[in-house]
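Novice: Below you'll find the structure I mean.
Please treat every number below as a calculation from the coordinates, not as lab data. Model, not experiment: these values are computed from the prediction. Heads up, the Cβs are rebuilt from the backbone with ideal geometry, glycines too, and the neighbour counts pull from every protein chain shown.
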Amino acid sequence: MALDDHIIHRWQSSRILLLGGSAGSFKLLYRIVKLLPAKCSKTVIIIIHRKKNFFSEIEKLFAENSRMCLREISDKEPIAINTIYVAPANYHTLVEKQGFFSLDVSEAVWFSKPSIDVTFESVAEIYKDQVTAILFSGANQDGASGLLKLRQSGALTIAQNPVEAEMTEMPQSAIDMHAAEYVLSTTDIFKLLETPPDT
Amino acid sequence: MPDAKESLTDAQLTELIDIVKKIHGFDFSDYTEASFRRRIARVMMIKKLEFYDLKHLLINDPGFFQEFLEEITVNVTEMFRDPAFYKSLHTQVIPYLSTYQHIKVWCAGCSTGEEAYSLAILLNEEKLLKRSFIYGTDINTEVLNYAKKGIYSLRKIKSYAENYLFTGLPGSLTDHFTMMYDAAAIHSELKQNTLFSVHNLISDTVFNEFQLISCRNVFIYFETELQHRILDLFYNSLCPLGYLCLGNKETIRSDIFRKKFKVINQKENIYQKIGS
């Protein structure tokens with residue numbers, strides 16, 4: 001599927017870019033972090049499945065290669081523009097209508113904490129059609145129902161083409177649930193995200 | 001497993017909070033909204049209730065409120081959650097605590113007791129438990145009963161033992177438990193100097209003076225203003241130079257409180273009371 005004006009326009013007018021992924025998504029997310037311009041006029045929120053007690057260099061690796069400001073989310077942290085936020089391990093990340101993040105240690109969803117569903121659903125409720133959300137490779141179906149809720153709320157929802165995904169189940173579940181408005185190749189996803197913001 | 005489809009309207013949420021406050025005396029109005037909404041949706045899903053049914057039960061069924069409270073509050077906890085925190089407690093705080101004749105510890109929002117017992121184990125391994133006393137408090141009587149028993153499933157103990165391993169402490173978690181079939185009971189010597197009882201951080205006040213207060217992953221459920229009220233309560237409950245431990249994503253941001261608490265460990269959010 002090629003990129004049409006409609007999808008480009010919706011990406012350009014989004015305030016929030018939501019990225020969710022699990023097994024097989026790290027390299028893609030890394031490339032996205034690298035290619036996003038410093039002033040993309042958006043807030044980027046990344047939820048990647050990660051293990052607790054596993055000293056992780058994700059933030060460090062991402063931060064060293066990002067042109068945007070990048071941080072791991074803290075409780076009650078204000079949601080700022082031109083910043084990439086990474087969801088911390090062993091918490092769910094939620095957003096509040098007053099414009100800040102809140103964290104939650106409640107039960108894992110799909111054996112995952114952070115769960116992509118939890119954050120996607122929360123963002124859908126607050127930011128509705130001001131969101132572009134992309135679901136990448138992963139070995140379980142976390143994220144699919146969150147993506148569906150985003151789509152129902154008017155967000156632009158995209159699944160990575162499962163043919164190209166290292167682990168197909170996550171994007172495939174989203175497609176099966178009709179949660180993804182677009183199914184894009186990784187090349188097209190990068191091309192879309194490289195389109196400069198509306199001026 | 002997905003959450004309930006339709007969330008409550010703002011008016012419905014306010015109405016619910018009002019009912020709970022007026023009839024049951026619990027004030028949820030300063031809880032962080034997104035997670036509170038999720039908890040309500042969860043109760044409605046588990047108990048298969050519509051908004052009207054939930055309201056009806058809260059008003060007319062006196063026994064229902066306890067069930068509601070148990071589901072609304074998050075009672076997910078672990079022993080030695082965030083091993084790096086315990087490591088830092090061990091190296092940065094315990095040496096100072098050991099200079100006190102009596103060490104009083106308050107574990108606020110203790111849920112099923114895992115954190116209070118983690119502190120008991122740490123103090124015991126440092127041979128300080130005999131002159132320590134640990135108070136575990138929560139608003140929820142059911143979880144406190146669980147905490148008093150100190151019995152956990154083997155499945156949980158296995159994951160707690162893994163946490164313990166990452167703390168780098170010299171012992172082994174299972175040294176402190178007696179295994180029975182598929183459960184593990186904490187040794188009675190670790191229970192001797194602990195007391196679990198009801199305390200509501202929102203409506204109750206100072207009840208003792210402590211050398212250490214641990215309140216981890218409770219503030220995430222509270223709005224900033226309420227957090228400040230409780231920080232005040234903690235400040236007034238600490239002895240001079242007493243320690244306050246918050247969850248490692250619960251940084252004190254307020255300038256007023258940054259003047260009252262010195263940072264001992266920035267990453268793990270360990271603070272020390274200073275000034276007056």
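Novice: In whole Hz, what ³J(HN,Hα) sequence does the range A:16-21 give by Karplus (6.51, -1.76, 1.60; θ = phi - 60°), x for Gly and Pro?
Specialist: Coupling constants for the range A:16-21: 10, 10, 10, 10, x, x Hz.
Novice: While we're on this one: For the range A:91-128, state which chymotrypsin sites (Phe, Trp or Tyr not before Pro) are in a DSSP loop and have at most 15 other beta carbons lying within 10 Å of their beta carbon. List each step's numbers first, then the result.
Specialist: Values: sites: A:Tyr91, A:Phe100, A:Phe101, A:Trp110, A:Phe111, A:Phe120, A:Tyr127; in loops: A:Tyr91, A:Trp110, A:Phe111.
Loop-located and lightly packed - A:Phe111.
Novice: For a quick check: with amide H placed at 1.01 Å from N, whose amide H comes under 5 Å from B:Cys110's, ignoring anything fewer than 5 positions away on the same chain?
Specialist: Residues meeting the amide H criterion: B:Thr137, B:Asp138.
Novice: Given the options A:Asp129, A:Asp188, A:Asp117, state which has the largest fluctuation in a GNM of chain A using a 10 Å cut-off (strictly under) for Cα springs.
Specialist: Comparing A:Asp129, A:Asp188, A:Asp117 in a Gaussian network model of chain A, the most mobile one is A:Asp188.
Novice: What are the aspartates and glutamates whose alpha-carbon lies under 20 Å from the alpha-carbon of A:Lys42, with same-chain residues fewer than 8 places away excluded?
Specialist: Filter leaves A:Asp5, A:Glu59, A:Glu64, A:Glu72, A:Glu77, A:Glu96, A:Glu121, A:Glu125, A:Asp129, A:Asp188, A:Glu194, A:Asp198.
Novice: Continuing with the same structure: I'd like the distance separating the alpha-carbon centroids of the range A:94-110 and the range B:105-154, in whole Å.
Specialist: For the range A:94-110 versus the range B:105-154, the Cα centre distance is 27 Å.
Novice: How large is the translational diffusion coefficient of chain B in µm² per second when you combine the Kirkwood radius over alpha carbon pairs with Stokes-Einstein at 4 °C and 1.567 mPa s? Intermediate values should be presented prior to the final figure.
Specialist: Numbers: Rh = 19.8 Å.
Roughly 65 µm²/s, to the nearest whole number.
Novice: Just rank B:Val20, A:Val86, fewest to most, by other beta-carbon atoms within 10 angstrom.
Specialist: Values: B:Val20 20, A:Val86 25.
In increasing order of surrounding Cβ atoms, one gets B:Val20, A:Val86.
Novice: On to the next question. Neighbour counts of other C-beta atoms within 10 Å: give me B:Cys110, B:Cys245 arranged from fewest to most. Walk me through the numbers on the way to the answer.
Specialist: Details: B:Cys110 30, B:Cys245 25.
The most exposed by this proxy come first: B:Cys245, B:Cys110.
Novice: Mind jotting down the distance between the C-alpha centroids of the range A:1-64 and the range B:29-97, whole Å?
Specialist: Cα centroid to Cα centroid, the span is 31 Å.
Novice: Could you tally the net charge around B:Gln227, taking each other residue with its Cβ under 11 Å from the Cβ of B:Gln227, Lys/Arg +1 and Asp/Glu -1? Provide the component values of the computation, followed by the final result.
Specialist: Numbers: positive: A:Lys76, B:Arg229, B:Arg253; negative: A:Asp75, B:Asp30, B:Glu223, B:Glu225, B:Asp232, B:Glu250.
So the surrounding residues net to -3.
Novice: Hey, what does the equivalent ellipsoid look like for the range A:91-164, semi-axes from the Cα gyration tensor as sqrt of 5 times each eigenvalue, largest first, whole Å?
Specialist: Numbers: eigenvalues 77, 60, 13 Å².
Square roots of five times the eigenvalues give 20, 17, 8 Å.
Novice: So if the hydrodynamic radius of the protein assembly as shown is defined as the Kirkwood radius over C-alpha pairs, what does Stokes-Einstein give as its diffusion coefficient at 20 °C and 1.002 mPa s, in µm² per second? Walk me through the numbers before you get to the answer.
Specialist: Values: Rh = 23.7 Å.
Rounded to a whole number, D works out at 91 µm²/s.
Novice: Between the DSSP loop rule and a limit of at most 13 other Cβ atoms within 10 Å, which chymotrypsin sites (Phe, Trp or Tyr not before Pro) in the range B:90-189 are left? Show your work: numbers first, answer last.
Specialist: On the way: sites: B:Tyr96, B:Tyr100, B:Trp106, B:Tyr117, B:Phe133, B:Tyr135, B:Tyr146, B:Tyr152, B:Tyr160, B:Tyr164, B:Phe166, B:Phe177, B:Tyr181; in loops: B:Tyr100, B:Tyr181.
Listed in order of number, the matching sites are B:Tyr181.
Novice: In what sequence, highest mean first, do A:75-81, B:35-41 appear when ranked by Cβ atoms within 10 angstrom? Don't jump to the answer; show the numbers that get you there.
Specialist: Numbers: A:75-81: 18.0, B:35-41: 20.4.
Highest mean packing first, the order is B:35-41, A:75-81.
Novice: Amide H neighbours of B:Ile264 under 5 Å, counting only residues 5+ apart in sequence or on other chains, H built in-plane at 1.01 Å?
Specialist: Under 5 Å from the amide H of B:Ile264 lie the amide H atoms of B:Ile270, B:Tyr271, B:Gln272, each far enough along the sequence or on another chain.
Novice: Hey, another quick one. With label points built 7 Å along Cα→Cβ from the Cα atoms of B:His228 and A:Gln98, find their separation and express it in nm.
Specialist: Here the answer is 1.0 nm between the modelled labels.
Novice: Now for a separate question. If you consider only alpha-carbon coordinates, what radius of gyration and Dmax does the range B:68-214 have, in Å?
Specialist: 14.7, 44
Novice: Against the empirical 2.2 N^0.38 Å scaling, what ratio does the C-alpha Rg of the range A:1-122 come to? Walk me through the numbers on the way to the answer.
Specialist: Numbers: Rg = 14.4 Å, N = 122, 2.2 N^0.38 = 13.7 Å.
That ratio works out to 1.05.
Novice: Per residue of the protein assembly as shown, what 222 nm ellipticity follows from adding -39500 (n - 2.57) for every DSSP H run with n ≥ 4, rounded to the nearest 500?
Specialist: Working: 19 runs with 177 residues, N = 475.
So the calculated ellipticity at 222 nm is -10500 deg cm²/dmol.
Novice: For the range A:138-169 and the range B:191-223, what is the separation of their Cα centres, given in Å?
Specialist: 41
Novice: Do any of B:Lys104/B:Lys262; A:Lys76/B:Lys267; A:Lys113/B:Lys149; B:Lys87/B:Lys158; B:Lys191/B:Lys249 go past 25 Å between their Cα atoms, and which?
Specialist: On the way: B:Lys104/B:Lys262 20 Å; A:Lys76/B:Lys267 16 Å; A:Lys113/B:Lys149 28 Å; B:Lys87/B:Lys158 19 Å; B:Lys191/B:Lys249 29 Å.
Beyond 25 Å between Cα atoms: A:Lys113/B:Lys149; B:Lys191/B:Lys249.
Novice: With angles folded into 0 to 90 degrees, how steeply does helix B:114-125 sit against the dominant principal axis of chain B? Use alpha carbons for both and round to 10.
Specialist: That helix lies at roughly 0 degrees to the long axis.
Novice: Under a point spin-label approximation (7 Å from Cα along Cα-to-Cβ), what is the B:Thr178-A:Thr195 distance to one decimal in nm?
Specialist: With each label point 7 Å from Cα toward Cβ, the separation is 6.9 nm.
Novice: Now, a different point. Picking from B:Asp30, B:Asp18, B:Asp204, which is most flexible by a Gaussian network model of chain B using Cα springs under 10 Å?
Specialist: Residue with maximal mean-square fluctuation among B:Asp30, B:Asp18, B:Asp204: B:Asp204.
Novice: If you add up the charges near A:Lys51, with Lys and Arg at +1 and Asp and Glu at -1, over every other residue whose beta carbon is less than 12 angstrom from its beta carbon, what do you get?
Specialist: Details: positive: A:Arg50, A:Lys52, A:Lys113; negative: B:Glu162.
Local net charge: +2.
Novice: Taking springs between alpha-carbon atoms closer than 10 angstrom, which of B:Pro170, B:Pro95, B:Pro240 fluctuates most in the Gaussian network model of chain B?
Specialist: Of B:Pro170, B:Pro95, B:Pro240, the most mobile in the Gaussian network model is B:Pro170.
Novice: Compute the helix-to-body angle for B:51-60: its Cα long axis versus the longest principal axis of chain B, expressed 0 to 90° and rounded to tens.
Specialist: Between helix and principal axis, roughly 70 degrees.
Novice: Sticking with this structure for a sec: Within the range A:1-83, list the GluC sites (Glu not before Pro) lying in a DSSP loop whose Cβ has at most 15 other Cβ atoms in a 10 Å radius. Don't skip to the end; give the middle numbers.
Specialist: Numbers: sites: A:Glu57, A:Glu59, A:Glu64, A:Glu72; in loops: A:Glu57.
Answer in residue order: A:Glu57.
Novice: Now a separate question. Taking just the alpha carbons, could you work out the radius of gyration and Dmax for the range B:10-72, both in angstroms?
Specialist: Cα only, the range B:10-72: 10.6, 27 Å (Rg, Dmax).
Novice: Something else about it: Towards the positive end of the charge dipole of the range B:10-72, with charges on Cβ (+1 Lys, Arg; -1 Asp, Glu), say which of B:Phe28, B:Phe68, B:Met45 has the farthest Cα.
Specialist: B:Met45
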